[in-house]
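Quick note: the coordinates plus some simple rules give every number you see, no bench work behind them. Only a predicted model underlies this, so the values are computations on that prediction, with no experimental measurement involved. Heads up, the Cβs are rebuilt from the backbone with ideal geometry, glycines too, and the neighbour counts pull from every protein chain shown.
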Amino acid sequence: MTLSCAEVRDLAAGFVLGALQPDEDSAVREHLATCQDAHAEVAALGGVVPYLAESLEPVEPPAGLRARLLAAAAAERPAESAEGVHVGAQEPAGASEPVAFPSPGEREARQALRGPGWGTWALRLAAVFVIAALGTWNIQLQARLSGVSDDLAAAQAYQAGVAAVLEVATRSGAQTAFLAAADPATTAAGVAAAAPDGTVVLAMHDLARTTGNQVYEAWVIIGEAAPVPLGGFTVGAGGTGTFHASTGLAQPGAILALTLEPAPGATTPTLPVLTLGSLAVAGT
Amino acid sequence: MTDEPGSGALRVASPVDDADRQVLVDLGEGRLDALEELYDRYRTMAYAIALRITADAALAEDVVQDAFLGMWRHAERYVEGRGSVKTWLLSIVHHRAIDAVRRRKPATDLPDVDLPPPPQLISGDVWPEVAGRLDAIEIRAAMGTLSDVQREAIQLAYWGGLSQSEIAERTGAPLGTVKSRMRLGLLVMRRALTGATGEADAFEGTNGMSEAHP
């Protein structure tokens, strides 16, 4: 369909309101892209449209949406969002290319990305990264060791935690996740593994010490469902924490997240989410 | 059509928008805290739009999440443009919400939501930046200056996701009348928002003032 300038002017209001048939819509776009005329009427009419949106009273979305959004965003670009722990193995194809508005099809693509498919090398890579991350952290820790026994104890606790994570990670059908800082106020990070029998093990470092009734709560977020609490743990002066659950609902693509709760037994996360990471299955 | 419409008040660069652009730069670098900041700034407005269009809380949540994820993915693409970040985001929310609603009606043709807006709709001197000065009450007052049939046509299109042919069918008005109502309604609203009196009228002459009631 080829349109004249007069026809485009006739369709301008419908165009800016999104009320044209798809073929008309693309014909208008085609015309605007090439026409010598500035078609100021499109701008004049279109300039009003944002105010239609602004005439609404703001509505607070459900609190869980923030965590889901951040988890989904982190799962898409883990390498860039990770703080110090480089995952690197999951670069979505074409993610850096400028693409037009996200299409509905991308939803499926994203689901596919989040799901299994890291391949058999993932576990080996995971182990390498865990060791590298652990080593880096140990070096940093040793560099600031000042004879404080808390730090030594913390290093040992973290090593024990990572060993437990690796043990679970090597079981058949296990999944692993790197938890990267998701909140600017923290550098907390860690590793986690989940086994098919429901075992979930988490080893974290650089967590702020808990006080009073505070606990760090681990959450699993599957698809669009609300976060499910896995359990909590406290953290001492060393800033490390390990966590073990035997009834985890983890599955490939699930997000593991950590929040600081004022008291044990939280049923919905207290924001912000401190760290999160996406579980990936190994050996498939 | 050589008039320069809207030489009135619809174009003031705001500090808010500069801050938005910085957020987009950070977003392009993959910083989750930038996404969080953008979300905090616009989540209530984005959700209000999605909820109004879909009338479905779960669907509205999906729409908002997808819209922000779109920004997260394509922030670099935006930085090259010049329009308001807020306008860009809200138009993505609107597109996706309409798309989600139409998807529930299997027989409906879907427009291609992948297409970026034409330059006429994204150039920085076009999209209004006065939002900080106008609150929802003032904007609703501006909408109050529309005639009932104009407002109905615009609302069926913008909030209902109906095409102009569908609006004609639904309201029993001829297609040409529906087009006029949408056009005049937008111009009346523009005039009410800017306080402009002259330029907008230039457009009204071209389509006639037909408000025929069948």
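Structure data summary
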item	result
Environment charge at A:L65 (Cβ cut-off 13 Å; Lys +1, Arg +1, Asp -1, Glu -1)	-4
A:E60 versus B:E169: modelled label distance in nm, points set 7 Å from Cα along the beta carbon direction	4.1
Counted charge near A:P227, where neighbours are those whose Cβ lies closer than 10 Å (Asp, Glu -1; Lys, Arg +1)	0
Extension reserve of the A:S4-A:D37 stretch, reckoned as 0.36 nm per residue once the Cα distance is removed	10.8 nm
Extended-chain gain in nm, criterion 0.36 nm per residue less alpha-carbon gap, B:S147 and B:E76	21.4 nm
Average beta-carbon neighbours from other chains, 10 Å sphere, peptide B:63-69	5
Protection proxy ranking of A:13-24, A:39-50, A:220-231 - average other beta-carbon atoms within 10 Å, highest first	A:39-50, A:13-24, A:220-231
Pairwise FRET efficiency - A:R209 versus B:A19, Cβ, R0 = 35 Å, nearest 0.05	0.55
Peptide B:23-33, shielding by other chains (average Cβ, 10 Å cutoff)	4
In sequence order, calculated HN-Hα J values of region A:210-226 (Karplus, 6.51, -1.76, 1.60; Hz; x Gly/Pro)	7, 10, x, 8, 4, 9, 7, 10, 8, 10, 10, 10, 10, x, 8, 6, 5
Net charge contributed by nearby residues that have their C-beta within less than 14 Å of B:Y39 (K/R +1, D/E -1)	-4
Simple spin-label estimate for A:S172 and A:A237 in nanometres, 7 Å along Cα-Cβ	4.7
